[in-house]
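Read through the structure below, which is laid out as C-alpha cells, and then see the notes.
The values are calculated or read from the model by the stated rules, or taken from the named source; none is laboratory data. All values derive from a computational prediction rather than experimental measurement. All Cβ positions, even for glycine, are placed from backbone atoms using ideal geometry, and neighbour counts span all protein chains on display.
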Amino acid sequence: MRSITLAAALLAVALPAATQTLTVGLATPPTALDPHYHAHAQSSATAAHVFEALHRSDANMQLTPQLATEATSPDGITWQVTLREGVRWHDGTPFTADDVAFSLQRAGNVPNSPGSFGTYTREVKSVEITGPHSLRITTAAPSPLLMANLSNIFIVSRRHGGNATTDDYNSGKAMVGTGPYRFGRWSAGTEVQFTRNDAYWGEREPWERATFRVIANNSARTAALLAGDVDVIADIPSTDVARLRSDRRFQVVTIASSRLVFLGFDRTDDAVTTGHIRAAEGAPALTRNPLGDVRVRRALSMAIDRRALVERVNEGQAIATGQFLPEGFFGFFPDIPVEAADPEGARRLLAEAGYPGGFRITLTTSNDRIVNSARMVQAIAQMWTRIGVATTVETMPHAVFTPRRNRYELPVFLSSWGNQTGEALYTLVPQLGTRGQGGLGNANRIRYSNPDLDRLLVAASAEIDAPRRLALIRQATDLALSEAVMAPLLLQVNNWGTRQGLVMTPRIDQYTLAMSIRPAD
C-alpha cells in the first residue's frame, strides 16, 4: 500500500494541473480582506488580485501605470493625475475620479487598523476632482515621493465602500474591484479563492480560478508541493531548498528581497511592567528599564553573530546587513558595515552601563511569518545568554504576535519589514518616526521618539533634489543606527517552489501573485 501511495503521488506531480486552475501554498494568511485595514505584506498581496492602485510596483520595484496613465507635478506640491478610461468595476459600473478621491480619504482612517495606511497619505492636503477621469492632488509641502507612496493605496469603489466596514470586505460584500480577479471566497486563516475577471481592462489571466491555501507548517508546505496538492509554494524552508533544486520535477525561483529582519527594543520604563524584562537571578527587582541605556542596546546588538545567522540558521538563504535597505535601493550606503560579533565588547558595555551581572529578558517573534524565525531567536538567545543576559524565547502565530506587539506587550522582539518603494523613507518614517506626529510612526511598535530624527525625516520627505534628499537620509540613518532601538540583522532571500510546466517571475517585495505565474510555452 505504501508503494502504491508513493507512485500515485509521483504521478500527480508529473502530470500538469488542470490548465485553468492554480493552487498556491502560503506560509502566512492575510489579516483581513479590507485593502485599507492593515499595511501588511500578505494582506496587500491578497488585495492586489481584486483591487488596483494609481501605479503599481513591478517585480523589480519600478513604478508602472495602473489606474493612472499620467501624473505630473511642476513643483512637487500640485499633482495632476490622469486616470485610465474604460475601466469598470466588477459589477460593471464605470471607474471614475470620485472613487480615487474616496479611497485616498478612507485609506488612513479605517477603525482599529493594526497598521494604518495613513503613513502613505499623510502628505495629501486636498484632492480635487477636475473631470470624470482626472484629479488634482495637493500636498502641504513638496512631496517628490507622493506617487510612490500612493502606490500602496488600493482604489475601492465609493458605491460599494462608502458605508462599508472591514467586516463587509471580509464577508465579500464590498469586495468589488477593478483587478484581474474577482473575489470568490475566504476562509479566514485557511484559504482564499479568486475567479478570473474576463472583463478586465488589461491582459487576460490564464487562470480561471486561483486558490491560495495557508500551510503554515514548513514541512507540510513542502510535502504539499511534492505530493502535487499545490502547484506553487512560497517561503520554501531553507532546509528544503537544495532538495527541491536537485529534483527535476520542480523549480526553485529565487530573488534577494527587500524584507529586513530586525530586532526591536522598547526603551521605556513601562516595558518593565510587561514581565519580559527582569532583574538577574537574586538581584533586586528592576525599577528602570535596562534598555533605556543605549550601551545596553548596543551590547545586545554587538553580541549577535549575523553571519552565523545567515550561514548556520538560514543555510545561506539570507544576507547579513548593518543597515535598513538592500544594495541598490535609494538610501543604501556601501560604507556602512555589517556589525561584527564582539561578545567581550558587549560584556564591557553591560558593565559600563551598570549591569555587570546582566539581567533577564524574553525575546519574542511570530513562528509563521519570517523564514526560520523560531530558529533565529533561539540562536540569538544563546548569544545573549553568553554575555550575561539570560534570555528565554516565546514564539506565537503572527495573528497573535501582531496585536500583542501593537499593544506594546512585547518589548524585545524579532520582526520584519518589507520596503515597497525602494526608498529609505518607506522604512524610516513608519518604523522610527514619532507615532502620531504628523503621520509619522504608524508602524512604530517600540515607542521610540526622537525630535531630531523626526525633523530629518520630514525634511527628507519634502526634498525634491535627490542628492540633498540622500544626504538627509544618511543623517537619519546614522542617527537611527547610533540609537540601536531597531537593530538590522539580515535581508531575506525569497524562495518559491513550483512544479514543472510553470514560469514564475519572482518579486523583490516577496508578494506571491497569481499574476506572476504563467503556464510554460
Output yes when any residue across the stretch 210-224 is among the charged types (D, E, K, R), part of a loop (DSSP other than H, G, I, E, B) and not assigned by TED's automatic domain parsing to the domain that holds Leu414, and no when none is. no
Considering only residues that are among the charged types (D, E, K, R) and without any contact (Cβ under 8 Å) to a residue 60 or more places away in the chain, look in the stretch 281-300 and name the one that is farthest from Ala351 (Cα to Cα). Arg288
Only one of these conditions is not met by Tyr408: (1) in contact (Cβ under 8 Å) with a residue 60 or more places away in the chain; (2) buried (at least 24 other Cβ atoms within 10 Å of the Cβ). Which number is it? (2)
When you go through (1) touching a strand residue (DSSP E or B) at 6+ places or on another chain (Cβ under 6 Å); (2) more than 27 Å from Phe332 (Cβ to Cβ); (3) of a type in the set (Lys, Arg) one by one for Arg295, which number turns out not to apply? (1)
Suppose we keep only residues that are surrounded by fewer than 21 Cβ atoms within 10 Å (Cβ to Cβ) and not charged (D, E, K, R) within the stretch 154-163. Which one would you say is nearest to Asn112 (Cα to Cα)? Asn163
Single unsatisfied condition, Val100 versus (1) surrounded by 18 or more Cβ atoms within 10 Å (Cβ to Cβ); (2) touching a Ser or Thr at 6+ places or on another chain (Cβ under 8 Å): (2)
Evaluate the following for Arg298: is it outside any loop (DSSP other than H, G, I, E, B), under 30 Å from Leu470 (Cα atoms) and either at pLDDT 95 or above or more than 29 Å from the chain's Cα centre (by Cα) (or both)? yes
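With respect to Ala487, determine if the residue is touching a residue at least 24 places away in the same chain (Cβ under 8 Å), touching a strand residue (DSSP E or B) at 6+ places or on another chain (Cβ under 7 Å) and assigned to a helix (DSSP H, G or I).
In short, no.
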What single numbered condition from (1) in contact (Cβ under 8 Å) with a residue 12 or more places away in the chain; (2) surrounded by fewer than 22 Cβ atoms within 10 Å (Cβ to Cβ) fails to hold for Phe194? (2)
Subset of the stretch 360-379, residues in contact with a helix residue (DSSP H, G or I) (Cβ under 6 Å, 6 or more places away or on another chain), of a type in the set (A, V, I, L, M) and either surrounded by 22 or more Cβ atoms within 10 Å (Cβ to Cβ) or under 14 Å from Asn217 (Cβ atoms) (or both), comes to Leu363, Met376
Checking Ser449 against (1) touching a strand residue (DSSP E or B) at 6+ places or on another chain (Cβ under 7 Å); (2) in a loop (DSSP other than H, G, I, E, B): exactly one of these is not met. Which one? (1)
Result of the Cβ filter at 6 Å on the stretch 154-174, keeping first residues that are over 20 Å from Glu191 (Cβ atoms) and partners that are charged (D, E, K, R) and at pLDDT 95 or above, at least 6 apart or interchain, is Ile155/Asp99; Ser157/Asp99; Arg158/Asp98; Arg158/Asp99
Quick check on my filter: what residues within the stretch 231-255 are of a type in the set (Gly, Ala, Ser) and farther than 19 Å from Met376 by Cα? Ala234, Ala242, Ser246
Anything in the stretch 206-221 that is surrounded by fewer than 23 Cβ atoms within 10 Å (Cβ to Cβ) and modelled with pLDDT of 95 or more? List them, or say none. Pro206, Glu208, Arg209, Thr211, Arg213, Val214, Ala220
Would the stretch 272-292 turn up any residue that is more than 24 Å from Tyr408 (Cα to Cα), of a type outside the set (Val, Ile, Thr) and not in a loop (DSSP other than H, G, I, E, B)? no
Among what's in the stretch 168-191 and is surrounded by fewer than 17 Cβ atoms within 10 Å (Cβ to Cβ) and in a loop (DSSP other than H, G, I, E, B), pick the residue that is farthest from the chain's Cα centre (by Cα). Lys173
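Can you tell me which of His40, His36 is surrounded by 13 or more Cβ atoms within 10 Å (Cβ to Cβ), at pLDDT below 95 and of a type outside the set (Asp, Glu)? Explain how you work it out, then say what you get.
Numbers: His36 fails: at pLDDT below 95.
Only one candidate qualifies: His40.
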Kindly provide the set of residues from the stretch 301-314 that are part of a helix (DSSP H, G or I), out of contact with any strand residue (DSSP E or B) (no Cβ under 7 Å at 6 or more places or on another chain) and either within 17 Å of Ala480 (Cβ to Cβ) or touching a residue at least 24 places away in the same chain (Cβ under 8 Å) (or both), ordered by number. Met302, Ala308, Arg312, Val313
